[in-house]
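A short write-up of the structure that comes next.
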Amino acid sequence: MPTLQALEIAKEEGLDLIEISPNAAPPVAKVLDWGKFRYEQQKQKSKQQKVEVKGIRLGIKIGQHDLETKLALAKKFLSRKDKVRFQLRFKGREVVHRELGEKLLQGVIERLSEVAKVEQPPEFTGRDMIMVLASKANNKKRENQDNKGKENYAEDQNS
């Protein structure tokens, strides 16, 4: 349809002609209310939940009470559906004792296993050992969606 004819139709209906895909051959355009279109886009953007990655730094010689305080903070972040990045910093000769760092981070995983799932296992980079945990509640939704897709696929295969 010619552009002028499309513009006339849009004016008659009191709407706007919006170019959707200018690079297509021929270009694709829609007749719709621009204000309503923008409102719908903003509404969908606001529904999206932004997941932040919160960082918690630990030392290999951390005291028991200090560790419990950091874990309480991590639980707070995880309850808000944020991801938690644990950074274990090795100072001086501590870098020789990697096993102590792994043991500490495994203890963190065990203590937070009720509310968190390991997204990135402990990994040694330079003088740091880094691990990322994500909220289990956030992962359950994704797993349910994945399982639904798998079930639908299996049903289609059986049919």
Is there any pair linking a residue in the stretch 1-24 that is assigned by TED's automatic domain parsing to the domain that holds GLY35 to one that is among the aromatic types (Phe, Trp, Tyr), with Cβ under 7 Å and at least six apart or on different chains, and which?
ASP16/TRP34; ILE18/TRP34; ILE18/PHE37
Could you pull out the residue among VAL84, VAL132, VAL118, VAL95 that is of a type in the set (Val, Ile, Thr), surrounded by fewer than 17 Cβ atoms within 10 Å (Cβ to Cβ) and part of a strand (DSSP E or B)?
VAL118
Selection within the stretch 102-115 - closer than 19 Å to ILE62 by Cβ and either assigned to a loop (DSSP other than H, G, I, E, B) or at pLDDT below 90 (or both):
LEU112
Tally the residues that are part of a helix (DSSP H, G or I), farther than 30 Å from GLN87 by Cα and acidic (Asp, Glu), restricting the search to the stretch 30-72.
1
Hey, among the residues in the stretch 1-20 that are surrounded by 11 or more Cβ atoms within 10 Å (Cβ to Cβ) and either hydroxyl-bearing (Ser, Thr, Tyr) or touching a helix residue (DSSP H, G or I) at 6+ places or on another chain (Cβ under 9 Å) (or both), which one's farthest from LYS83 (Cα to Cα)?
THR3
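The values are calculated or read from the model by the stated rules, or taken from the named source; none is laboratory data. Values in this document were obtained by computation on a predicted structure and should not be read as measured data. No Cβ is skipped: glycine too gets one built from the backbone with ideal geometry, and neighbour counts run over all protein chains shown.
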